[in-house]
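Data block below; observations after.
Read-outs throughout are calculated quantities, based only on the coordinates presented, and are distinct from any laboratory measurement. This structure is a prediction, so every number in the text was calculated from the model and none was measured. Please note: Cβ atoms are built from the backbone with ideal geometry, for glycine as well, and neighbour counts cover all protein chains shown.
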Amino acid sequence: MRGSTLRQQRKQCVICGREGEFEAVESFQFNDIQGAFIRCPSCQVQVAEPSLYSCDTYSHFYGSNALLRWTADCPSGEFGHRAWRLLYPAHRSVVAFIDGFPRDTSVLDLGCGAGWLLGVLKARGFLNVRGLEIVASVAAIVQSKGIPVVVEDVVEMLSSSSLSEGFRPDIVVLSELLEHLPDPVAVLRAVRTQLKPRLVLATTPSRDRWAVRMKVRPLGDYPPGHIWRWTKQGLLLAFERAGYTEVTVRPTKPDGREIWLQLLNLATAGGKRGNSGGRISDFLVRNVDFTVPVAGVILQPLALVLRLMRMEGRSLWISARAEM
Ligand SMILES: [Zn+2]
C-alpha cells in the first residue's frame with residue numbers, strides 16, 4: 001500500500017471473523033510508508049495497514065527512554081515497591097486480581113517491557129514469575145532485577161513452544177500487547193493451547209479513552225507502535241473466538257495519577273525524537289516516588305470533571321478463563 005491509501009476495501013475481519021466493507025478512518029505516515037487505519041463495520045475495531053510489525057522498529061521505538069533509564073538505575077531491592085508508582089489503574093487491577101491467588105502461582109508476562117508488573121508481583125511474594133520481551137536491551141534491564149526474561153518474539157515463541165518446555169504458567173498476562181500483534185486471535189488461541197494457563201489477564205489502551213475523545217493521541221498510537229484500536233465488543237469477540245470462557249472486559253475511570261502517567265509517557269517517549277526527555281522530564285522521572293503521588297492529587301479534580309462528563313479512563317482490562 002506504499003504511496004496510496006485505500007478509502008474502502010472489502011475484507012474479512014481478523015477479530016470478529018465477519019466480512020464487510022472496511023472504511024479508512026485515519027491516514028498515517030512512517031518514514032516513506034503511507035498507510036491508514038481501517039475500521040470493521042461489525043465490531044468497530046480499527047487496524048492499521050500496513051502494520052509494520054518488526055523487532056527493529058520496536059527497538060527503535062521502545063529501546064531507550066527516561067523511564068527505562070530510571071528502571072535500569074533503580075536498585076533491585078527497591079524495584080518492586082517503587083515500580084508500583086508507575087502502574088496504570090488497569091495494571092493495578094491486574095495485580096489486585098493476582099493477589100487473590102496463592103503465592104506459588106506461576107505468572108508469565110508476555111511482552112513484559114520494563115518489568116514493572118513482574119517486579120511488583122515479586123515484591124508481594126510471587127517468586128515464580130517470568131517475562132518474555134522482544135527488545136533484548138529492555139529484557140537485560142529486567143533480568144538485572146533478578147527476574148527471568150526470555151528474549152523472543154511472542155509469535156515465534158508460541159509457534160516453537162520454546163518457553164513452555166520448562167515453565168507452565170498458571171496465569172498469563174498480556175500487558176499492552178494486544179494492540180501490537182498482526183493476528184491477536186491467533187496469538188490468544190496459541191497462548192491457550194500451547195501454554196495451557198488457567199487464566200489470561202490483559203490490558204490495552206481503549207479506543208474510547210478520554211484523551212482520544214479530546215483529540216490527544218501520542219505518537220506511539222500509530223505504527224510501528226500500536227496497530228489496533230480496541231473496543232470492548234472487539235475484545236470480547238477476540239477472546240471468545242480464541243476459545244476462552246468467562247471473558248470480562250472492564251474500562252477504568254479517569255484518575256489523577258493515570259492522567260499524570262500519560263503526560264509522563266508523552267514527555268519521555270522515544271520514537272522520532274530518539275532518546276527524548278530533556279532536563280524537566282528527567283527530573284520528573286528521577287523523582288517518581290514524589291512527583292507521581294503529588295501530580296496525582298493535583299490532577300484529581302480534572303479526573304472528577306472527566307468522570308462527570310462520562311469519559312472513560314485510558315485502558316481496558318480483561319480477565320478470561322483459559323482451561324477447558
Ligand atoms: Zn470485526
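Odds and ends about this structure:
- For GluC sites (Glu not before Pro), the sites in segment 226-324 that DSSP calls loop and that have at most 11 other Cβ atoms within 10 Å are Glu323.
- Sorting Lys232, Lys196 from the fewest to the most surrounding beta carbons within 10 angstrom yields Lys196, Lys232.
- Share of alpha-carbon pairs per 10 Å distance bin for the chain, given as whole %: 6, 26, 37, 25, 6, 0
- Distance between modelled label sites at Val297 and Asn128, nm, 7 Å Cα→Cβ extension: 4.1 nm
- Globularity index of segment 1-154, i.e. its alpha-carbon radius of gyration over 2.2 N^0.38 Å: 1.30
- Here segment 1-50 is treated as a Stokes sphere of Kirkwood radius computed over C-alpha pairs; at 20 °C and 1.002 mPa s its diffusion coefficient rounds to 196 µm²/s.
- Note on the chain: GNM, Cα springs under 10 Å; of Ser51, Ser64, Ser160, the largest mean-square fluctuation is that of Ser160.
- Of the DSSP H helices in the chain, those whose Cα atoms cover at least 27 Å axially and whose Kyte score averages 1.0 or more: 288-308
- For the pair Arg10 and Phe97, a Förster radius of 30 Å applied to the C-beta separation gives a FRET efficiency near 0.15, rounded to the nearest 0.05.
- Against the empirical curve 2.2 N^0.38 Å, the C-alpha radius of gyration of segment 158-236 lands at a ratio of 1.26.
- Entries in Lys196/Lys253; Lys11/Lys253; Lys196/Lys232; Lys145/Lys253; Lys145/Lys196; Lys145/Lys215 that, when Cα-Cα distance is taken, lie over 29 Å: Lys196/Lys253; Lys11/Lys253; Lys145/Lys253; Lys145/Lys215
- Just checking the listed ones, Phe290, Phe37, Phe79: in the Gaussian network model of the chain with Cα springs under 10 Å, the one fluctuating most is Phe290.
- Using only alpha-carbon positions in segment 194-324, the gyration tensor eigenvalues give semi-axes of 30, 18, 15 Å once each is multiplied by 5 and square-rooted (largest first).
- Sequence of Asp289, Asp255 once ranked by neighbouring C-beta atoms within 10 Å, starting from the fewest: Asp289, Asp255
- Alpha-carbon spread of segment 111-186, three principal axes, descending order, Å: 33, 24, 18
- The modelled label-to-label distance for the pair Val216/Asp282, using points 7 Å beyond Cα in the direction of Cβ, is 2.5 nm.
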